[in-house]
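Trainee: Please see the structure below; I have some questions.
All of the numbers you see were taken from the coordinates with simple rules; none came from a lab. Since this is a predicted model, take the numbers as computed values, not measurements. Here the Cβ is made from the backbone with ideal geometry for all residues, glycine too, and neighbour counts use every protein chain on show.
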Amino acid sequence: MFFSMLGRICATYILLLLTACSSPKELHDSRFIMGTLVEFTVSDTDRTIAEQAIAEAANEMQRIEDSFTIYGDHPNSVKLFNISAVDHPVSLPDEVSKLLETALAVQQQSGNRFNPALARLNLLWGFSLDPPPNAPPSDLAIRTAIPPSECIKHIAKQWARSDRRCQLDFGGIAKGYAIDRGIDILKKHGIANAIINAGGDMRLIGQHHQQPWKIGIRHPRKAGSVLSSLSLQGDVSIVTSGDYERFFIYQGKQYHHILDPKNGYPARKNQSITVIAPSAMLADAWSTALFVGSPATVPSAIRFLSVSSSGHIVDNLRIKK
Ligand code: AMP
Ligand code: MG
């Protein structure tokens, strides 16, 4: 569960299939960050360097969680923005401002399927509560919490919200951004072969013992079963959004945590979407966007595997030759 301080471990959607035996030159470490188990694997690197790099990457990812989370008592600029007076511009740190610009670009390109201003609606549904809720909110409460589609304004390097329902939630994009920053730090330490896997959202670089990394994508309805396996190398980000990560059942119907910004209810078109993109940030945002639905055009850098609610699979993950 991303950004909730409550600490339930996410189901892993994408598996790292480490087929070769661990060599002395391979280091595994895991930390609990961003509400999920973040696994670091570093290959073919001196152990001391790898340990230092992983510790620094983990600290950076924790810093990003603290800067972007809407949960807990720790103050940050996102929480302050969310209670700022309507139409009153405030400054956001450069990092928050840049991620917000990216999020708004995906919102626009996806036809408002991705919307970074759904905090009020997300908090109303309460998927981050522990234990999770056992019934949906009322129709009226849901309708009242939906923000207008364009309610965040960029005014002379400052930001304002034009409606009090408009509250930022980076839960659909910031985990990917944190993975990117973690990889940047591993690279800065000279590491060329590594994976950061945050509850199934991952970015890999290089190779695994001179071979491509083997990645398995889990079947959204058959726990433990691999839907597709991929051999990936170089610099690849792969992220899944699924309806089985955080949900409750009410009167026989499943309610999960990815909301359709148009009606305020859990999106019903898909069971899971796995995206490969140039960065984990974009893979994260687009997996959430495409889970809600596919716009007429998707940027050419975004490749995805979808499992529709009826179980129909479309797989264009493999690089076209
Ligand atoms: P993900 O697991 O990456 O698909 O992101 C789901 C998280 O993103 C949720 O827990 C919410 O915090 C947030 N979210 C839910 N629906 C949306 C949406 N339509 N657009 C953007 N963020 C969303
Ligand atoms: Mg996402």
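Trainee: How large is the convex hull of the C-alpha atoms of the chain per residue, in Å³?
Mentor: 134 Å³
Trainee: Kindly state, to the nearest 0.05, the FRET efficiency for Ser30 paired with Asp87, given R0 = 51 Å and r defined as their beta-carbon distance.
Mentor: Numbers: r = 45 Å, r/R0 = 0.87.
E(calc), rounded to 0.05, equals 0.70.
Trainee: Glu56 to Gln211: FRET efficiency via 1/(1 + (r/R0)^6), r the Cβ-Cβ distance, R0 41 Å, to the nearest 0.05? The partial results should precede the final answer.
Mentor: Numbers: r = 27 Å, r/R0 = 0.67.
Calculated value: 0.90.
Trainee: Helix 280-292 versus the longest principal axis of the chain: what is the Cα-based angle in degrees, 0 to 90, to the nearest 10?
Mentor: The two axes meet at around 50 degrees.
Trainee: Any chance you could give the angle, 0 to 90 degrees and rounded to 10, that helix 94-109 forms with the longest Cα principal axis of the chain?
Mentor: That helix lies at roughly 80 degrees to the long axis.
Trainee: What is the projected area of the convex hull of the Cα atoms of region 45-116, averaged over all directions, in nm²?
Mentor: 7.3 nm²
Trainee: Based only on other Cβ atoms within 10 Å, what is the fewest-to-most ordering of Lys269, Lys25?
Mentor: Ascending number of Cβ neighbours within 10 Å: Lys25, Lys269.
Trainee: What residues from region 236-258 fall in the zone where the backbone N is under 14 Å from a label point 7 Å along the Cα-to-C-beta line of Arg221?
Mentor: Under 14 Å, as judged by backbone N against the label point of Arg221, lie 243-244, 254 of region 236-258.
Trainee: Could you tell me which trypsin sites (Lys or Arg not before Pro) in region 149-241 are loop residues by DSSP with no more than 15 other beta carbons within 10 angstrom of their beta carbon?
Mentor: The qualifying sites are Lys157, Arg164, Arg221, Lys222.
Trainee: If I model a spin label at Arg47 and Ser300 as a point 7 Å from the Cα along the Cα→Cβ vector, what separation in nanometres do I get?
Mentor: Result: 4.8 nm between the two label points.
Trainee: Which values, in whole Å and largest first, are the semi-axes of the equivalent ellipsoid of region 134-266 obtained as the square root of 5 times each eigenvalue of the Cα gyration tensor? It would help to have the intermediate numbers written out before the result.
Mentor: Values: eigenvalues 246, 121, 17 Å².
Taking √(5λ) for each Cα gyration eigenvalue gives 35, 25, 9 Å.
Trainee: Same structure again: So what's the back-of-envelope 222 nm ellipticity for the chain, counting only DSSP H runs of four-plus at -39500 (n - 2.57) apiece and dividing by all residues, rounded to 500?
Mentor: Dividing the helical sum by the residues of the chain leaves -8500 deg cm²/dmol.
Trainee: Taking a threshold of 31 Å on the Cα-Cα distance, which of the pairs Lys98/Lys188; Lys25/Lys79; Lys79/Lys262 fall above it?
Mentor: Listed pairs above 31 Å: Lys25/Lys79.
Trainee: How large is the dipole of the chain about the Cα centre if only Lys and Arg carry +1 and Asp and Glu carry -1, each at its Cβ, rounded to the nearest 20 debye?
Mentor: It works out to roughly 940 debye.
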